[in-house]
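Here's the structure we're looking at; comments come further down.
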Amino acid sequence: MIKKVALVAFAAVVLLFYAPFLALGYYMSGGGVLKLPSTSMLATTFMLALVTAAIAIALAYPAAYYLAKRGNELEFALLIAPLWVGTLLKAYSLLVVFSVVERFTGIVLWGTALGVVVGMVYEYFPYAVLTLYAAIEKLSETPTQAARVLGASRAQTFLRVELPLTMPGVVAAFILIFLFAMGEVIMPAVLGAWKVYTVGSYIWDLYFKARDFLSGSVLSLLLAALSLLATYVVVKTIRSFSI
């Protein structure tokens, strides 16, 4: 019985993995017209993912640095607490916060790209903290102490020693958040009110509104390939600055 269940599960995984490739072959052979997203939609998705990853890492690095050097278990738990809450619940909770902000400041966040970025940063911030914490916590004190003995200031030690040594953690955090954000659906739908239309939202509509499963599967494959290519380019750029 267990072998049969395992065989069925394996067959399902293989089918799900190869289905987009089969659909791609269908369109390449002239079997139909692929419904591609617009260039502006791709640009919006890329910029949202890039800005989200940059802001999340910029906010998470000081927090992870503090946790690795002086933090305790309670502070660590509080910073990663959003991981305990579902994405949809966090999105609707932010709607309440947005309404309060709009009432007292007049700043409109719901239905804007800024609101979507705020939501995605809030969602992926704990992942950035965990990734950066792992890199900073393993950092040896020997290079830092050597730099201080040689006369480097605290800022110079951080910029020239600690930051370059933790750059692999920064790159890993960027890859993780950027790939997540490229395919995000819930935050643009709830916080963007379908006014901020991303590739993930477009694929969702192809699957669940247009019932065009072939186009949806092919675009999912193309989005994954595009995300990996963009990640490679950005990571190469980050590493060039860290040398």
Out of the residues in the stretch 156-198 that are in a loop (DSSP other than H, G, I, E, B) and polar (S, T, N, Q), which is surrounded by the most Cβ atoms within 10 Å (Cβ to Cβ)?
-> T198
Just to be sure, is S201 open to solvent by less than 50 Å² (accessible area, probe 1.4 Å), under 19 Å from the mean Cα position of the chain (by Cα), among the polar types (S, T, N, Q) and over 30 Å from P62 (Cβ atoms)?
-> yes
Considering A64, A56, which residue is out of contact with any strand residue (DSSP E or B) (no Cβ under 9 Å at 6 or more places or on another chain), open to solvent by less than 30 Å² (accessible area, probe 1.4 Å), farther than 20 Å from V117 by Cα and in a helix (DSSP H, G or I)?
-> A64
In the set P188, P164, P168, which member is over 21 Å from the mean Cα position of the chain (by Cα) and in contact (Cβ under 8 Å) with a residue 12 or more places away in the chain?
-> P164
Answer yes if at least one residue in the stretch 218-234 is modelled with pLDDT under 85, open to solvent by 30 Å² or more (accessible area, probe 1.4 Å) and not in a helix (DSSP H, G or I), and no otherwise.
-> no
Output the residues belonging to the stretch 72-98 that are over 25 Å from the mean Cα position of the chain (by Cα) and crowded, with 17+ Cβ neighbours inside 10 Å.
-> none
When residues of the stretch 127-155 are limited to those that are in contact with a Lys or Arg (Cβ under 9 Å, 6 or more places away or on another chain) and free of Cβ contacts under 8 Å to residues at least 40 places away in the same chain, the one surrounded by the most Cβ atoms within 10 Å (Cβ to Cβ) = A147
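Matching residues to (1) part of a helix (DSSP H, G or I); (2) more than 21 Å from A60 (Cα to Cα):
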site	(1), (2)
W110	no, yes
G119	yes, no
Y122	yes, no
P126	yes, no
L132	yes, no
L139	no, no
T142	yes, yes
Q145	yes, yes
Name the residue, out of V117, V101, V108, that is exposed (fewer than 14 other Cβ atoms within 10 Å of the Cβ) and at pLDDT 90 or above.
-> V108
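The values are calculated or read from the model by the stated rules, or taken from the named source; none is laboratory data. These numbers come from a predicted model, not from an experiment. Using ideal geometry, Cβ is built from the backbone for each residue, glycine included, and neighbour counts are taken over all protein chains shown. All accessible areas refer to the heavy atoms of the entire protein, side chains included, with ligands and DNA or RNA removed. Shrake-Rupley method; radii C 1.70, N 1.55, O 1.52, S 1.80 Å.
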